[in-house]
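J.: The structure is given below, and queries will be raised subsequently.
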Amino acid sequence: MDQKITDARARPRRTAKSKDTGRHAGVPADGGAFIDAKAIGSRPPSRPGGRFRRAGAAAIALAAICAVWLGNRYLMSHAVEQFTAEPVDLTIVLTGPATLDATRISLVSSRLQGVIAKMRVDRNDRVEQGEIIAEIITDDLKSELGASQASVEAAHKAVDLAIADRKHAEAALANARQNFDRKKMLLEKTIASQESYDAAVATLRQAEADFDRSKAAIEQARALEASAAATAEVQRVKLEEGTIHAPFDGVVISRDHYVGDTITPGSEIVQLVDTASIILSARFDESSISRLSPGQKAVIRFNGCGRGASIMATVLRIGRQVDTETREFSVDLRPDTLPPNWALGQRGMTTIEIGTRKGVLAVPAAAIERRQGKPGVWIVDSGRAYWIAVTLGDAGGLFVEVVKGLQPGDVILSEPRDVYFGMKIAEGGARR
């Protein structure tokens, strides 16, 4: 038995794989058993739990971010300007867009066709009634007027000649009548012959005919004289029309032609506006027509001129027609003064005071926020902001009446920006 154990220990161990035979060498275990070396050298496959650990870490990070965001949104206080609603005396005003216009505008044009010889005015020039604006070349009209005046002079001479012929015919008629009377008396006394009497009668009738013809010649000459004078007057008027005059006092607001331009009858040369006729045409909703009347005071603020640039105006007349689409009517206002720089068509905003109401619950107009077309305000309740719907009434300046939805003493956000439901509001915020 001892001999067998010794033989076993003396036997060489094969611990590596034989490359020639492909057989596996083993390592003896307890009791002389062999363990596969390939199984010992290879690592077991990794478990899938690593992916879940990464997803869990991302979820924890996202939850932390959400917690921070929610904490900043609902746990941290935000300082927002607040307003306490209290009854006040509200000056009721109507506000609407206005456009600068004028009731007396003239498109100065020519009644002649010709070439402009001179332009006496330019844009923004002030002119007086009758002042020369432009002159047209009228050499041909001057020649025609000279010919017409010569015709008038010739017609006048013809009248003088006809009058002279009439005097001659009148003298001949008087002489024929005397001769006829004498022949008639002599015939009755049988001193003159019948033949001489008949000759006296013929001479008288000829003299009468000549006298009547002289009267007709005078009338004809005078008619020709009147015709020539009328023609000369037409030529003179045409010649005067070659000089364009201002129809009234005003300011030149546009100029479309220059020296050398050929113009046709009716073509605009300049546009003239009477500054005394300038008005502002404002538009308001038809629901306010009963509140307006001539004589009410208004304030006009033009676009782009800043808050301080405003002028006073007075309601001149109320329009009698409502636009069927916009349901608005127009109101003409007479400005007390004009701004240094103005232009027809300039836009602005009109504010008309129509009265004062006492004890009205009003809030800043900037506090109104509309949702789906409904007005509302952000009210502060238990330190948090909530939007509630309100019913509005009249407007007055920067404030608007709240008819329903608020109670005196309610605190609202006066200028809500980036406000959300349930936002925590810092206590003791600025109030107005």
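The values are calculated or read from the model by the stated rules, or taken from the named source; none is laboratory data. Computed from a predicted model, the values in this text were never measured in an experiment. Cβ coordinates were reconstructed from backbone atoms using ideal geometry, including for glycine residues, and neighbour counts include every protein chain displayed. Ligands, DNA and RNA are stripped out before the accessible areas are found, and what is left, the full protein with its side chains, is counted by its heavy atoms. Shrake-Rupley method; radii C 1.70, N 1.55, O 1.52, S 1.80 Å.
J.: I'd like to know if the stretch 299-317 contains one or more residues that are in contact (Cβ under 8 Å) with a residue 12 or more places away in the chain, touching a Ser or Thr at 6+ places or on another chain (Cβ under 6 Å) and small (Gly, Ala, Ser).
T.: no
J.: If you go through the stretch 308-360, how many residues are touching an Asp or Glu at 6+ places or on another chain (Cβ under 7 Å) and part of a loop (DSSP other than H, G, I, E, B)?
T.: Counting residues in the stretch 308-360 that are touching an Asp or Glu at 6+ places or on another chain (Cβ under 7 Å) and part of a loop (DSSP other than H, G, I, E, B) gives 2.
J.: Considering the stretch 195-208 alone, what residues qualify as being modelled with pLDDT under 80 and open to solvent by 60 Å² or more (accessible area, probe 1.4 Å)?
T.: Answer for the stretch 195-208, where residues must be modelled with pLDDT under 80 and open to solvent by 60 Å² or more (accessible area, probe 1.4 Å): just 198.
J.: Name the residue that is modelled with the lowest pLDDT, counting only residues in the stretch 391-432 that are open to solvent by less than 30 Å² (accessible area, probe 1.4 Å) and under 35 Å from the mean Cα position of the chain (by Cα). So that I can check it myself, show each step before the final result.
T.: Filtering the stretch 391-432 for residues open to solvent by less than 30 Å² (accessible area, probe 1.4 Å) gives 394, 396, 400-402, 406, 411-414, 416, 419, 422-423, 425-426, 429.
Remaining after also requiring under 35 Å from the mean Cα position of the chain (by Cα): 394, 396, 400-402, 414, 416.
Numbers: 394: 83, 396: 78, 400: 88, 401: 89, 402: 92, 414: 86, 416: 85.
Restricting to residues being open to solvent by less than 30 Å² (accessible area, probe 1.4 Å) and under 35 Å from the mean Cα position of the chain (by Cα), the top hit is 396.
J.: A further question follows. Out of contact with any Leu (no Cβ under 7 Å at 6 or more places or on another chain), polar (S, T, N, Q), surrounded by 12 or more Cβ atoms within 10 Å (Cβ to Cβ) and at pLDDT 90 or above: does that describe residue 277? Explain how you work it out, then say what you get.
T.: Working: out of contact with any Leu (no Cβ under 7 Å at 6 or more places or on another chain): yes; polar (S, T, N, Q): yes; surrounded by 12 or more Cβ atoms within 10 Å (Cβ to Cβ): yes; at pLDDT 90 or above: yes.
Taking the combined requirement at face value, the residue satisfies it.
J.: List every residue pair whose Cβ atoms sit under 6 Å apart, with the two residues 6 or more apart in sequence or on different chains, where the first one lies in the stretch 207-218 and is under 14 Å from residue 164 (Cβ atoms) and the second, anywhere, is at pLDDT 85 or above and not small (Gly, Ala, Ser).
T.: Final answer for the pair search is 218/163.
J.: Here's a follow-up. Would you pick out the residues in the stretch 118-127 that are assigned to a strand (DSSP E or B) and either open to solvent by less than 40 Å² (accessible area, probe 1.4 Å) or closer than 30 Å to residue 298 by Cβ (or both)? Walk me through how you get there before you give the answer.
T.: Start the filter on the stretch 118-127 by keeping residues that are assigned to a strand (DSSP E or B), which leaves 118-119, 126-127.
Correct list: 119, 126, 127.
J.: Please specify each residue of the stretch 249-270 satisfying the condition of being more than 12 Å from residue 133 (Cβ to Cβ) and of a type outside the set (Asp, Glu).
T.: 251, 253, 254, 258, 259, 260, 262, 263, 264, 265, 266, 267
J.: Looking only at the stretch 174-194, which residues are open to solvent by 60 Å² or more (accessible area, probe 1.4 Å) and not aliphatic (A, V, I, L, M)? If you could, list the steps in order and put the result at the bottom.
T.: Kept after step one, since they are open to solvent by 60 Å² or more (accessible area, probe 1.4 Å), are these residues of the stretch 174-194: 175, 177-178, 181-182, 184-185, 188-191, 194.
The answer is 175, 177, 178, 181, 182, 184, 188, 189, 190, 194.
J.: For the stretch 128-173: of the residues being surrounded by 13 or more Cβ atoms within 10 Å (Cβ to Cβ) and in contact with a Phe, Trp or Tyr (Cβ under 9 Å, 6 or more places away or on another chain), which is nearest to residue 267 (Cα to Cα)?
T.: Across the stretch 128-173, the extreme among qualifying residues is 166.
J.: For the stretch 79-111, enumerate the residues that are in a loop (DSSP other than H, G, I, E, B) and either modelled with pLDDT of 90 or more or surrounded by fewer than 17 Cβ atoms within 10 Å (Cβ to Cβ) (or both).
T.: Of the residues in the stretch 79-111, the ones in a loop (DSSP other than H, G, I, E, B) are 79-81, 85-86, 103-104, 110-111.
If the condition is that a residue be in a loop (DSSP other than H, G, I, E, B) and either modelled with pLDDT of 90 or more or surrounded by fewer than 17 Cβ atoms within 10 Å (Cβ to Cβ) (or both), then 79, 81, 86, 103, 104, 111 are the ones that fit.
J.: Which of the residues that make up the stretch 363-390 are open to solvent by less than 70 Å² (accessible area, probe 1.4 Å), more than 23 Å from residue 79 (Cα to Cα) and under 34 Å from the mean Cα position of the chain (by Cα)?
T.: Hits for the stretch 363-390 are 373, 375.
J.: Looking only at the stretch 221-245, filter to residues that are loosely packed, with under 15 Cβ neighbours inside 10 Å and more than 20 Å from residue 138 (Cα to Cα); which one of those is farthest from the chain's Cα centre (by Cα)?
T.: Selected residue: 223.
J.: Turning to a different aspect of this structure: Could you check residue 263 against (1) among the β-branched types (Val, Ile, Thr); (2) farther than 27 Å from residue 342 by Cβ; (3) open to solvent by 20 Å² or more (accessible area, probe 1.4 Å) and say which number it fails?
T.: (3)
J.: Could I ask something else about it? With the stretch 361-432 as the region, which strands (runs of 3 or more DSSP E) entirely inside it contain at least 2 residues that are touching a residue at least 60 places away in the same chain (Cβ under 8 Å)? Spell out the reasoning first.
T.: Details: elements: 369-371, 374-381, 384-389, 391-396, 399-404, 411-413.
Filter on the stretch 361-432 gives 391-396, 399-404, 411-413.
J.: When the stretch 328-354 is examined, which residues are found to be open to solvent by less than 30 Å² (accessible area, probe 1.4 Å) and farther than 14 Å from residue 282 by Cα?
T.: Answer for the stretch 328-354, where residues must be open to solvent by less than 30 Å² (accessible area, probe 1.4 Å) and farther than 14 Å from residue 282 by Cα: just 339.
J.: Right, next: Kindly provide the set of residues from the stretch 313-327 that are open to solvent by less than 60 Å² (accessible area, probe 1.4 Å) and over 16 Å from residue 299 (Cα atoms), ordered by number.
T.: 318, 319, 322
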